[in-house]
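Nothing in this text is a laboratory measurement; each read-out follows from the coordinates by a stated rule. Keep in mind that this is a model prediction, so the values were computed, not measured. No Cβ is skipped: glycine too gets one built from the backbone with ideal geometry, and neighbour counts run over all protein chains shown.
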Amino acid sequence: MLSKLSKKMFAKSLWVYHCNSGACNGCDIEILNVLTPYYDVERFGIKLVGSPRHADVMLLSGAVTRPTLPLVKKAYEAIPEPKLVFGIGSCATGGGCWFDTYNVTGGGDKAIPVNYFIPGCPTKPEAIIYGVALALGLVDKQASPYELKQMEFPIDAYERKKAWEERNVIYQLIKD
Amino acid sequence: MNTIESVTQTLKSKFGDAVKATETPTGNRLVVDIDGAKVKDVSKEIMSLGARYMVSIGYDNISRDNTLGLIHTYAFDKEQFALMLRMSAPADNPVLDSITPDTPNAGWSEREYQDLLGFKFQGHPKPKKLVTADDWPDGIYPLRKDVPHNLVPPAAEDVAYQLDEAPPGTTTIPIGPFHSSLHEPNHWALYVDGETIKGCDYRGFMTHRGIEKLCQTQLSYNEIPFVAERICGICGSVHACCYAQAVEAATGLVIPKRAEFIRTIMLEIERLHSHLLWLGVAGHLIGFDTVFMQAWRVREQIMWFCEKLTGNRKTYGMIIIGGVRRDITPEIRSELETICKNLEKEITTIHKAVAGDTAIHKRTKGVGYISKEDTIKWSLVGPVARARGVDIDARKDHPYASYGEVKFDVPVVDSCDVWATVLVRILEMYEAIKIIRQCLQKMPEGPILLEVPEALPAFKHMVMMVEAPRGEATHYVITGEENRPERWRVRAPTYPNLQGVPSMLMDNQFADFPIILGSIDPCFSCTDRVAVVDVRTGRKSLVGKRELEELSRKYKK
């Protein structure tokens, strides 16, 4: 559903604002790296802009630290609607290895609503391109959420999988 | 010429009883225990002997003798040894004299321990908050042992950092925390007269993640190298290597020769890709995007090679205590040789293009000038110092890994501006290729990992220096019980260099700010851990919440 919406809302070139909320530089460099000749995302019309006012999409990298928490919120509010937020890297996804220290608030979703997470430490440039393209409906989904097989009675596993499918709204959404 | 003995003698004869004890844990380290009351004089004496101030380390010793410890470290570069000046202060009233008036670079270290350990430094010229968040309550010191690593005090609304008052006749231009010329969050206030910069104030440490506390309380010895790599996404191996070497030296472990060579190769590969990255970013900052694209294109093959060798493009996870985790196979070796050949060709092309480009000359020559004397006074390190004619390089001065066994030059340029830093970095890339080739040739066969004993001896102090691409990284380790260090202090090269930036900015054009800041290759995630440097002393002004909001609106647009 979200990708259908995205396709409609962000049909043309995407302008991307990169927000570092306390990353180690690893993911930031990979984000810059997707602009360089080997990956060249500008061919998809994706462009990095310097101001949140110009942007459609926010790429958030790094765990949100205590000082940057209000700043990230402000930057998010500055982006005009409609907008998408991508959490890039393990730290933006869940806070990384320092998720519970005294100066870290947690992952990106602790500060602002994050639409997509692209994990990795650091995220590979291919993964960033694939993640963004998937979100925009440019490519087909190649992987889907999968529950680990339980060593139980087959009928039980089957029922559990079915129940989980019905309960899980996100699963439904991604499945269209 | 100073030696360990002569320095010990000088200090003992000058200060008598104030020098309580001395020891030499290894041949090139000297620990001097002194009376905390005399720190200012002793430090001044050490500096007058020609030492370079590195970093201070504070640690919590309350559980043992109810004191807080502080160690100032100094390097004697040409004499190839380091001095650790150790003192303590009672925990209920931890007051010491500040050494910042004589050694300006100690300013941040001292402020850091005001925030993190509750020290008070008398005579500090700018005792403002540095590391902890603005709304962090007073009286909670995160590095003290009784404070858990995951203690998060509730946030306060209307607390804001107080910028220095602008010098008379100037306007304040705020830059950051999120700004297109800064790739990491940090806040600068530039005081400009027309277009000319007349001073600045800096508040950084926004990516302070509490790594030291996390590692001292939660992780074990051999888990820390992996977190150390994540201090910085660019110079990961440097931090892991520096930490591992510090623990090895403190506990007397001797790692296999082959592991040393592989470490050297990893460090040089990192220097190559970091310098290419910097060259690209510098090109981007002066508006020359062709350099950015080309330099990063060349860099990409190193990243692919790293992925083959280690399994990841960055944060390699190669170096642990006792050696390295993956060996260089013959196939990898021949590939590395091919890459060296390609890179040499490509770098020569870039070198010619950059050196012959008048636009780059105009944007960088004479910009960001700081004299050789000021460079030494501020204890700047790495390519920033070498571009000012100061010949320091930890690889030569304090040989580690296998740098003692390979031949290389240390390029030094003395035009003291941004152009010199460009040149130094390009020349260093050739040297890095040279070192990799020699290492591949000289690398002996054998094991790559040492079996580390179960329990490592506790309470050994060791300081270790490693030349990162941006300068000298210093790690200080106090080994501990429970299979983890008692204290681990990281000082990244940006930490001293950033303190020198205000001097470089002085009287330059506002438009040159990005490239001057960029010329030190700043890595705030390494350093952060927020900072403020004051060029002209002025009265402190109170910036209210409303004013700060206005400022923030201004820079958002």
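Here the range B:1-138 is treated with +1 on each Lys and Arg Cβ and -1 on each Asp and Glu Cβ, and its dipole about the Cα centre works out to around 340 debye.
Taking θ as phi - 60° and the Karplus parameters 6.51, -1.76 and 1.60, the scalar couplings of the range A:104-120 work out to 10, 7, x, x, x, 6, 6, 9, 9, x, 9, 7, 9, 10, 10, x, x Hz in sequence order, x denoting glycine and proline.
Taking every residue in A:30-39 and counting other chain Cβ atoms within 10 Å of its Cβ, the average works out to 5. Answer rounded, prolate or oblate for the range B:61-142, using the Cα gyration tensor with square roots of eigenvalues a ≥ b ≥ c: rounded when a/c is under 1.5, else prolate when a/b is larger than b/c, else oblate. Note, shape of the range B:61-142 comes out oblate. Toward the positive end of the charge dipole of the range B:325-382, with +1 on the Cβ of Lys and Arg and -1 on the Cβ of Asp and Glu, the farthest Cα among B:Ile328, B:Gly368, B:Ser379 is that of B:Gly368.
Shielding value for B:174-181 is 4, the average number of Cβ atoms from other chains within 10 Å of each residue's Cβ.
Taking amide H as placed 1.01 Å from N in the peptide plane, A:Thr105 has its amide H under 5 Å from the amide H of A:Val64, A:Thr65, A:Arg66, each at least 5 places away in sequence or on another chain.
Charge dipole (Cα centre; +1 on Lys/Arg Cβ, -1 on Asp/Glu Cβ; no other charges) of the range A:2-143 amounts to roughly 400 debye.
Extension gain, A:Lys110 to A:Ser13, is 32.1 nm, computed as 0.36 nm per intervening residue step minus the present C-alpha separation. Taking the charge dipole of the protein assembly as shown about its Cα centre, with +1 at Lys and Arg Cβ atoms and -1 at Asp and Glu Cβ atoms, the residue from B:Val466, B:Ala353, A:Pro119 reaching farthest to the positive side is B:Ala353.
Note on A:56-67: average number of Cβ atoms from other chains within 10 Å of each residue's Cβ is 4.
From the C-alpha coordinates alone, can you work out the Kirkwood hydrodynamic radius of chain B, in Å? One decimal place: 24.2 Å for the Kirkwood radius. Each residue of the range B:307-318 was assigned a 3J(HN,Hα) from its phi angle through the Karplus curve 6.51 cos²θ - 1.76 cosθ + 1.60 (θ = phi - 60°); the sequence is 5, 5, 6, 10, x, 8, 6, 9, 6, 6, x, 8 Hz, with glycine and proline shown as x.
Would you compute the Debye intensity of the range B:211-497 from its alpha-carbon atoms alone, equal scatterers and no solvent, and pass along log10 I(q)/I(0) at q = 0.09, 0.17 Å⁻¹ to two decimals? These q points yield log10 I(q)/I(0) values of -0.43, -1.40. Percent antiparallel among DSSP beta bridges with both residues in the protein assembly as shown, to the nearest 5? Once the DSSP bridges in the protein assembly as shown are tallied, antiparallel ones form about 70 percent. The stretch between B:Thr26 and B:Glu482, if pulled fully straight at 0.36 nm per residue, gains 161.7 nm over its current Cα-Cα span.
Measuring between alpha carbons in the structure, the pairs from A:Lys110/B:Lys128; B:Lys40/B:Lys213; B:Lys126/B:Lys198; B:Lys308/B:Lys352; B:Lys12/B:Lys377 lying more than 20 angstrom apart are A:Lys110/B:Lys128; B:Lys40/B:Lys213; B:Lys308/B:Lys352; B:Lys12/B:Lys377. Of the residues A:Ser21, A:Leu134, A:Ile31, the one whose Cα sits farthest towards the positive end of the charge dipole of the range A:2-143 is A:Leu134 (charges of +1 on Lys and Arg Cβ, -1 on Asp and Glu Cβ, taken about the Cα centre). Only the Cβ atoms of Lys and Arg (+1) and of Asp and Glu (-1) were treated as charged; on that basis the dipole of chain B about its Cα centre amounts to roughly 640 debye. As a calculated quantity, the FRET efficiency between B:Lys308 and A:His54 at R0 = 35 Å, using C-beta atoms, amounts to about 0.35. The Cα center of the range B:463-491 and the Cα center of the range A:15-85 differ in position by 33 Å. Here the 3J(HN,Hα) profile of the range B:262-270, calculated from phi with Karplus coefficients 6.51, -1.76 and 1.60 at θ = phi - 60°, is 5, 4, 4, 4, 4, 5, 6, 4, 5 Hz, Gly and Pro shown as x.
Rounded to the nearest whole Å³, what is the per residue volume of the convex hull around the Cα atoms of the protein assembly as shown?
Here the figure is 172 Å³ per residue.
Per residue of the protein assembly as shown, what 222 nm ellipticity follows from adding -39500 (n - 2.57) for every DSSP H run with n ≥ 4, rounded to the nearest 500? Walk me through the numbers before you get to the answer.
Working: 26 runs with 288 residues, N = 733.
-12000 deg cm²/dmol, from helical runs alone.
Averaged over residues, the count of other Cβ atoms within 10 Å places the peptides B:28-39, A:62-73 in the sequence A:62-73, B:28-39, highest first. Amide H to amide H distances under 5 Å link B:Met54 with B:Thr73, B:Tyr74, B:Ala75, where only residues 5 or more positions off or on other chains count and H is placed in the peptide plane.
Translational diffusion coefficient of the range B:336-454 at 10 °C, 1.306 mPa s, Stokes-Einstein with Kirkwood Rh over Cα pairs, in µm²/s as a whole number. The Stokes-Einstein estimate is 97 µm²/s. Ranked by how many other Cβ atoms sit within 10 Å of their own Cβ, fewest first, the residues B:Glu373, B:Glu45 fall in the order B:Glu373, B:Glu45. Inter-label distance, B:Asp41 to B:Met1: 3.1 nm, where each label sits 7 Å from its Cα along the C-beta direction. Relative to its Kirkwood radius, the Cα radius of gyration of the range B:1-154 gives an Rg/Rh of 0.99.
Once you have a ≥ b ≥ c as the square roots of the Cα gyration tensor eigenvalues for the range A:2-143, tell me rounded if a/c is under 1.5, and otherwise prolate or oblate according to whether a/b is larger than b/c. Note, shape of the range A:2-143 comes out prolate. How would the range B:237-314 be classified by its alpha-carbon gyration tensor: rounded, prolate or oblate, with rounded meaning a/c under 1.5 and the a/b versus b/c comparison settling the rest? It is prolate, given that a/c is not under 1.5 and a/b is the larger ratio.
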